[in-house]
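Take this structure first; my questions come after.
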Amino acid sequence: MNYDYIVVGAGSAGCILAERLSASGKHSVLLLEAGGPDKSFWFKIPIGFAKLYYHTVYNWMYYSEPEPELADRKIYCPRGKVQGGSGSINAMIYVRGAQRDYDDWAAAGNPGWSYRDVLPYFRKLESHPLGDTQWHGADGPVRITPMKDGAHPICETFIEGAQQLGYERNEDFNGARLEGVGIYDVNTRNGRRDSSSVAYLHRAGHRPNLTIEHHAQATRVLFDAARRATGVEIEQQGKKRTFHANREVIVAAGAVDSPKLLQLSGVGPRALLDRHGIGLVHELPAVGQNLQDHLCVSFYYRARVKTLNDAFGSWVGKLQFGLQYLLTRKGPLSMSVNQSGGFFRTNPDETQPNMQIYFNPLSYRIPKSNRASLEPEPYSGFLIACNPCRPTSRGSVEIASARVEDAPLIRGNYLSTQKDRDEVMQGGRLVRQLMQAKALKDITVEEVSPAAAVTDDASMLQYFREQSGSIYHLCGTCAMGPDPQTAVVDARLRVHGIEGLRVVDASIFPNITSGNTNAAAMMVAEKGAAMILEDAGHGEDPFSHRPVRAGTQRAAAISS
Ligand SMILES: Cc1cc2nc3c(=O)[nH]c(=O)nc-3n(C[C@H](O)[C@H](O)[C@H](O)COP(=O)(O)OP(=O)(O)OC[C@H]3O[C@@H](n4cnc5c(N)ncnc54)[C@H](O)[C@@H]3O)c2cc1C
């Protein structure tokens, strides 16, 4: 079967691509998703996050290889395997990151990706209660909801404490500046998760020119002799099928599966493909390299005041919140568990915030076994977590075999640089410093952990080595950049050296953003879709910059 565009992966980025590319009605679009539809109740209710965290159907449940600097632990890397992708199972915190993150993307040789350039796409995707302003959009598909009206009261205590120490309150992390302490925004609408699937795809699903195939895992991209992507082969219910792309194949399978699919298709590091007996279509050493993520650790506290532990820990409390949610769509079930926090500088030499903090009005341990819920601690408690914003460690994603059913080898290489090791110690010190504020001391009985196990920098580093985990922001494995030796796609997200093939998802980030990555992944899709349509002759995208392609590597335009 023939389609103009084939999009692989209906995740945060893929749902937006499918909607935008099919909107004019002029192009036929096929969206391939390895998982099923997002129909379950748990995708709708924000607290469903806890149920989906270890879900064997809706989650790929990847693990890293043993991490040498993290006591050889395998780090859990959940990824959504469902329409909406990781955006259907995530914690919904909506943070764009620092303006400098994008300025650095542009400075790395990617014209059109500075913050000034990408801001219109952030504004385009969001519907923000502050309305149409310099920083926000009023009528985009994704509803942004500030949690400040419903956050647990001790979140205000946390902010008050930080202010007592001289940190400034920030009312809008997506506004003029990132730095400061405040309450996070989430992508929810009327108390329901507003993923890109809900916000974009649900309204487009009926279009005659858009076909969505679920349980359809792409096994390889197909090429002709001139190294042009011509289609995609999939496996669906044990059967192989192939689809032909008249115009382009767009890979949006996320930071783990996009590089995996390229490698299985013969695009990647030559030695890796040779090792697995995969015929080389085009050598691109950077496919799967440059993996970046945020590494996070939690500090647990016993409180003098009631927290969400008390309510979630009892059937009465659960019932009360359940009823509140059913009747009003409000209350803790309508929100993220990460309610407040902020962005801090841990040393005066930093010109930008380098540490993100989460203050959660409940404390829970992530079970070591794959239990499908996150149970609160059996006492009134809260937790503070921290992660460096821009780690310098780089990891990789590499196929383990030539079989699509085998999970790839994920190596985060967390804490492999001295800068990253220094920063986690600074992060731990910052948490402890915040807890010295009077407002926080007043509500705290004791630090439950790490407590006496951490008394100095060395034991703080050891705590990170033994207890830290991913905060699930994997990105960078098909990085954007001008040099095919170090990057996979160019500034228009076209795979270097291949015709008719783009990657459009979190894997194209050249460097990780300073905050949570979903907003950036959705922005990449908005901008990617605009560029694809522009290249197909749909007139110039009003926001786009058209960089001239370096060299004569290939013709600039896709045939229309
Ligand atoms: C548990 C969790 C919590 C998170 N919390 C937050 C948060 O609070 N805020 C935030 O900003 N970010 C958060 N993130 C990160 C954020 O959700 C991701 O950065 C973002 O969703 C990435 O989007 P993507 O489009 O690149 O990939 P994904 O959304 O992961 O989409 C990839 C899609 O491709 C599909 N796929 C993969 N391989 C194939 C194949 N071969 N064939 C067909 N389909 C395929 C997958 O099933 C998936 O649907 C969280 C992530 C997780 C997992």
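Every read-out reported here was derived from the displayed coordinates using simple, explicitly stated rules and does not represent laboratory data. Please read all numbers here as calculations on a predicted model, not as lab measurements. Note: ideal-geometry Cβ built from the backbone for every residue, glycine included; neighbour counts use all protein chains shown.
Tell me, what ³J(HN,Hα) does each residue in the range 170-179 have, in order and in whole Hz, if you take phi through Karplus 6.51 cos²θ - 1.76 cosθ + 1.60 with θ = phi - 60° and put x for Gly and Pro?
Taking θ as phi minus 60°, the curve returns 10, 7, 8, 5, 9, x, 5, 9, 8, 5 Hz for the range 170-179.
Once Lys and Arg get +1 and Asp and Glu get -1 on their Cβ, which of 6, 473, 382 lies farthest toward the positive end of the dipole of the chain?
Projecting each Cα onto the dipole axis, the largest value belongs to 6.
Oh, and also: Straight-line reach from residue 441: which lysines have a Cα under 17 Å away, not including same-chain ones fewer than 8 places off?
Once the sequence-local lysines are set aside, what remains near residue 441 is 306.
By the gyration tensor of its Cα atoms, with a ≥ b ≥ c the square roots of the eigenvalues, what is the shape of the chain: rounded for a/c under 1.5, prolate for a/b over b/c, or oblate?
Because a/c hits 1.5 or more and a/b exceeds b/c, the chain counts as prolate.
Next question. Work out the FRET efficiency for residue 445 and residue 350 from their Cβ-Cβ distance, taking R0 = 41 Å, and round it to the nearest 0.05.
0.80
Amide H to amide H under 5 Å from residue 98: which residues, 5+ apart in sequence or cross-chain, H placed 1.01 Å off N in plane?
514, 515
Something else now. Find, among the GluC sites (Glu not before Pro) in the range 382-450, those assigned to loop by DSSP (not H, G, I, E, B) with at most 12 other beta-carbon atoms within 10 angstrom. Intermediate values should be presented prior to the final figure.
Values: sites: 398, 405, 423, 446, 447; in loops: 405.
When the GluC sites (Glu not before Pro) of the range 382-450 are filtered for loop state and at most 12 Cβ neighbours within 10 Å, 405 remain.
Give the relative contact order (percent, whole number) for the chain; include only Cα pairs under 8 Å separated by 6+ residues.
22 percent
Where both residues lie in the chain, what percent of DSSP beta bridges are antiparallel, nearest 5?
Among the beta bridges of the chain, antiparallel pairing accounts for roughly 70 percent.
Let me make sure I get this right: for the range 14-153, a, b and c are the square roots of the gyration tensor eigenvalues over alpha carbons, sorted descending. Under 1.5 in a/c it's rounded, otherwise prolate if a/b > b/c, else oblate. Which is it?
rounded
How high is the FRET efficiency between residue 405 and residue 164 when r is their beta carbon distance and R₀ equals 51 Å, given to the nearest 0.05?
Taking R0 as 51 Å, the efficiency between residue 405 and residue 164 is 0.40.
When Lys and Arg each count +1 and Asp and Glu each count -1, what net charge do the other residues less than 13 Å away from residue 299, Cβ to Cβ, add up to?
Surrounding charge for residue 299 is +1.
Checking the cross-link filter: which aspartates and glutamates have an alpha carbon closer than 17 Å to that of residue 260, excluding same-chain neighbours under 8 positions apart?
The reachable aspartates and glutamates, counting only those whose Cα sits under 17 Å from residue 260, are 33, 65, 233, 235, 274, 283, 398, 405, 406, 505.
What list of ³J(HN,Hα) couplings, whole Hz, do you get for the range 507-513 from phi and the Karplus terms 6.51, -1.76, 1.60, once you set θ to phi - 60° and write x for glycine and proline?
Once θ is set to phi - 60°, the couplings for the range 507-513 become 6, 8, 4, x, 9, 5, 7 Hz.
So, R0 is 35 Å and r is the distance between the beta-carbons of residue 283 and residue 366; what FRET efficiency does that work out to, to 0.05?
The pair residue 283/residue 366 has a calculated efficiency of 0.30.
Provide, for the range 1-107, the number of lysine pairs with alpha carbons under 28 Å apart, each pair being eight or more places apart or on different chains.
So the count of such lysine pairs works out to 5.
Excluding residues on the same chain fewer than 8 positions from residue 124, give the lysines whose Cα lies under 19 Å from its Cα.
Output for residue 124: 527.
On to the next question. How do the peptides 149-158, 268-277 rank, highest first, by the average count of neighbouring beta carbon atoms within 10 Å per residue?
The most tightly packed comes first, giving 149-158, 268-277.
If you place +1 on the Cβ of every Lys and Arg, -1 on the Cβ of every Asp and Glu, and leave all else neutral, what size is the dipole of the chain about its Cα centre, to the nearest 20 Debye?
1160 debye
Continuing with the same structure: Distance from the Cα centre of the range 488-528 to that of the range 391-468, in angstrom?
The two parts, judged by their Cα centres, are 27 Å apart.
Ok, one more. 5 Å is the cut-off here: which amide hydrogens, built 1.01 Å from N in the peptide plane, fall below it relative to residue 307, excluding neighbours closer than 5 in sequence?
Residues meeting the criterion, in which the H sits 1.01 Å from N, are 381.
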